[in-house]
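S.K.: Take this structure, written in structure tokens, and hold onto it; I'll ask about it next.
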Amino acid sequence: MKAFWALVFCALSGAAAAQTAAPRPEPRPVADEVLSVIATRPQARPVAAVVEPTALRPVLRPEGLTPEPQSDPTAESRPARRPYLRPDLARRAATQPQLRAEAGMFAFSPNAIAQSLRPAVRPAAITQRAVEQRIARQRGQVCGDPAIQGEAIGRVPGRGACGIESAVRVRSVAGVRLSPSATIDCRTASALKAWVAQTAKPAVGQIGGGMQSLRVVSHYACRNRNSASSGRLSEHAFGRAIDIAGIGLQSGSEITVLTDWGRGARGTALQKMWRGACGPFGTVLGPNANAAHRDHFHFDTARYRSGSYCR
């Protein structure tokens with residue numbers, strides 16, 4: 001037993017001696033330059049100084065480096081370019097001019113905002129003309145709609161059942177002139193305006209410079225359907241119908257139902273007009289309806305139908 005403990009004691013003593021005698025790493029030598037940098041390095045980073053906004057501006061160019069101005073023959077006809085200054089700096093320049101003088105910086109004008117480029121004031125003549133046109137439109141409106149221009153003529157009597165209770169003589173709708181003016185009722189006038197604005201104008205587009213007028217070949221007339229000697233009265237006899245044979249263009253030319261139906265771009269425009277009239281009007285007849293309508297569109301606001309009849 002004593003021999004066992006003696007061996008353990010010897011082993012522990014040898015390990016301790018080995019640990020004590022083990023070599024240690026030497027510290028890395030530090031160069032003198034590094035030590036000097038470390039010794040002179042500041043311990044804390046200094047706080048940056050606050051720079052006034054007025055100081056962050058370019059200094060005036062010395063006179064010797066300023067190029068001579070070049071003559072420009074168009075300079076007199078061109079408006080002078082005026083400087084622009086941010087509003088906050090303009091206020092500082094106006095209230096603290098000593099800051100500019102002390103810093104020796106570019107001297108800003110407190111009038112820079114007032115002198116910056118602004119849209120010219122609209123001439124009084126143009127404004128007055130617009131006011132007069134608006135007043136004229138309001139004065140010339142009928143059916144309570146400024147887009148329908150004409151005059152109210154009241155009751156139009158006729159033989160038998162013919163006549164209109166509250167008739168209007170319409171000379172233009174949605175800016176498109178009627179030639180000649182049409183005597184109809186307000187319901188028909190409103191339907192015509194909707195058709196022109198929503199269908200006819202977009203259908204014509206820029207053909208011939210755009211739509212200018214409508215050639216009216218029939219409006220109020222105390223007659224039978226298709227001008228027959230007998231039969232049922234036409235919707236024209238009540239001021240509920242209008243017949244259109246041509247669409248006048250800005251160029252002076254005309255799209256006609258008789259010659260342009262089914263032909264090229266103008267025929268396509270007429271097809272769109274005919275199709276788009278179904279809805280605003282109760283009855284829409286064109287060249288495909290019968291021989292009597294080969295040269296015009298017939299539009300009416302018949303009250304007795306539950307839906308539109310388009311042919």
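S.K.: (1) at pLDDT below 95; (2) touching a Phe, Trp or Tyr at 6+ places or on another chain (Cβ under 9 Å): which one isn't true of Pro157, the others all being true?
M.R.: (2)
S.K.: Can you name every residue in the stretch 251-294 that is touching a helix residue (DSSP H, G or I) at 6+ places or on another chain (Cβ under 7 Å), open to solvent by 30 Å² or more (accessible area, probe 1.4 Å) and closer than 28 Å to Cys186 by Cβ?
M.R.: Residues satisfying the conditions are Lys272, Pro280, Ala292.
S.K.: Between a residue in the stretch 173-201 that is at positive phi and any residue that is of a type in the set (A, V, I, L, M, F, W, C) and at pLDDT below 95, which pairs come within a Cβ distance under 6 Å, given they are 6 or more apart or on different chains?
M.R.: Ala174/Ala147
S.K.: Moving on to the next point. Working only within the stretch 218-232, note down all residues that are hydrophobic (A, V, I, L, M, F, W, C) and more than 17 Å from Phe299 (Cα to Cα). Let's see the steps before the verdict.
M.R.: Going through the stretch 218-232, the residues hydrophobic (A, V, I, L, M, F, W, C) turn out to be 221-222, 228.
If the condition is that a residue be hydrophobic (A, V, I, L, M, F, W, C) and more than 17 Å from Phe299 (Cα to Cα), then Ala228 is the only one that fits.
S.K.: A further question on this structure: Restricting the search to the stretch 198-230, which residues are open to solvent by less than 50 Å² (accessible area, probe 1.4 Å) and in a helix (DSSP H, G or I)?
M.R.: Thr199, Ala200, Ala203, Val204, Ile207, Gly208, Gly209
Results for (1) at pLDDT 75 or above; (2) among the aliphatic types (A, V, I, L, M); (3) under 30 Å from Arg240 (Cα atoms), shown as yes or no for each residue.
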| residue | (1), (2), (3) |
| --- | --- |
| Pro87 | no, no, no |
| Ala90 | no, yes, no |
| Asn111 | no, no, no |
| Gln138 | yes, no, yes |
| Cys143 | yes, no, yes |
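The values are calculated or read from the model by the stated rules, or taken from the named source; none is laboratory data. Just so you know, these numbers come straight off a predicted model, no measurement behind them. Cβ: placed from backbone, ideal geometry, glycine included. Neighbour counts: every protein chain shown. Calculation scope for accessible area: heavy atoms of the full protein, side chains included, ligands and nucleic acids excluded. Shrake-Rupley method; radii C 1.70, N 1.55, O 1.52, S 1.80 Å.
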